[in-house]
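Some notes on the structure that comes next.
The values are calculated or read from the model by the stated rules, or taken from the named source; none is laboratory data. Being a predicted model, the structure only gives us computed values, none of them experimental. Neighbour counts are summed over all protein chains in view; Cβ atoms, including those assigned to glycine, are modelled from backbone coordinates with ideal geometry.
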Amino acid sequence: MDKILVIGAAGQIGSELTIALRNNYGGENVFATDIKQAPQDVVESGPFQILDVMDAKNLAHFVIRNKITQIYHLAAVLSGNAEKLPLQAWDINMKSLLNILNLGKENGIKRIFWPSSIAVFGPTTPRVSTPQLTVMEPTTVYGISKLAGERWCEYYWKKYGLDTRSIRYPGLISYKTEAGGGTTDYAVEIFYDAVKTKSYDCFLKDDARLPMMFMPDAIDSTIKLMDADASKLTIRSSYNLGGIDFDPKEIAAEIKKHIPEFKITYTPDFRQKIAESWPASIDDSVAKNDWGCKYEYDLAKMTEVMLREIGKKLGK
Ligand code: SER
């Protein structure tokens, strides 16, 4: 039986992925770690430990002691926050990945998952239906670290045969754990503010179209990629995933169908520039061909679930 380690289990992806993996592999076989306390269900459904991914020695002890065979390394500083502390963000994002890759190589880890992002693309990339292989000149620290990370993952695969797998996630939308510090996070905040105050002041312009995905589709895709037969995978840097794409005025219009009084205003900040440098939509045909990614949620279906669940959470 595989023993799985999730690093960043208190985060936006980790808090939901840990539960999904435990449902598949059994609670006791999925070890959750983070530098901060995880949500109640993560702590109660299997082992959880505070662990710093930057501490390579302790991490190695943990992996050996618990006979870990697969690692999901999800800890990272997101795009907006990284622009505020560029060198620290670079250090955290890169060093942690190199720690994991090296640990994987030294300890015969069977499979490693590491998330990349649409942030690997830049202003010189074709913006519409961005292909898997294209110009990549990211202009954010976060994007530079993700692009470098992709190259390292592929390097470890080619040079050492380490089975690394990765997805370029679009903006991820979820109601369980907030991400914090990302450019696409307006599309999460908008739901909370819609439920709380029936209004939202957006930090992007009304036509800032970006690729997005509802968390259940992201979790399904991640597990599908990790379960795929290695011989089917033609990409060892990171797979494009498309999901849905919309702009702030379209999501506002969708919310209005449920909350007619909802009002959106726009006060773009530094994140607008970041959004303009990223794709508006993604071509994910390679992922579809290689391992059959597919999605269940469109904007309407996602909006319905987000408003309902956040309403429940906030007692509205
Ligand atoms: N959602 C991330 C961000 O906005 C992109 O990967 O930073």
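Conditions tested, residue by residue: (1) under 30 Å from Glu154 (Cα atoms); (2) surrounded by fewer than 21 Cβ atoms within 10 Å (Cβ to Cβ); (3) of a type in the set (Lys, Arg).
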position	(1), (2), (3)
Ser221	yes, no, no
Lys249	no, yes, yes
Ile259	no, yes, no
Thr265	no, yes, no
Gly292	yes, yes, no
Thr303	no, no, no
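Out of Val195, Val135, Val128, report the one residue that is crowded, with 17+ Cβ neighbours inside 10 Å and more than 24 Å from Leu87 (Cα to Cα).
Val195
Look at segment 160-187 and say how many of its residues are part of a loop (DSSP other than H, G, I, E, B) and either more than 8 Å from the ligand (Cβ to nearest atom) or at negative phi (or both).
Qualifying residue count for the region: 15.
Can you tell me which of Ile255, Ile259, Ile251, Ile264 is in contact with a Lys or Arg (Cβ under 7 Å, 6 or more places away or on another chain) and β-branched (Val, Ile, Thr)?
After ruling out the rest, the residue left standing is Ile259.
Evaluate the following for Pro131: is it touching a residue at least 12 places away in the same chain (Cβ under 8 Å), under 22 Å from Asp269 (Cβ atoms), more than 14 Å from the chain's Cα centre (by Cα) and away from the ligand (no atom under 12 Å from the Cβ)?
Spelling it out, it is not the case that Pro131 is touching a residue at least 12 places away in the same chain (Cβ under 8 Å), under 22 Å from Asp269 (Cβ atoms), more than 14 Å from the chain's Cα centre (by Cα) and away from the ligand (no atom under 12 Å from the Cβ).
Give the number of residues within segment 188-208 that are away from the ligand (no atom under 16 Å from the Cβ) and not in a strand (DSSP E or B).
The number of residues fulfilling the criteria is 9.
So, restricting to strands (runs of 3 or more DSSP E) that lie completely within segment 30-114, which ones have at least 1 residues that are in contact with a strand residue (DSSP E or B) (Cβ under 6 Å, 6 or more places away or on another chain) and within 16 Å of the ligand (Cβ to nearest atom)?
70-73
When Ile219 is evaluated against the numbered criteria (1) modelled with pLDDT of 95 or more; (2) outside any helix (DSSP H, G or I); (3) within 17 Å of the chain's Cα centre (by Cα), which criterion, by number, is the only one it fails?
Unmet condition: (2).
Would you confirm whether any residue within segment 127-141 is assigned to a helix (DSSP H, G or I), of a type in the set (A, V, I, L, M) and out of contact with any helix residue (DSSP H, G or I) (no Cβ under 7 Å at 6 or more places or on another chain)?
No, that holds for no residue.
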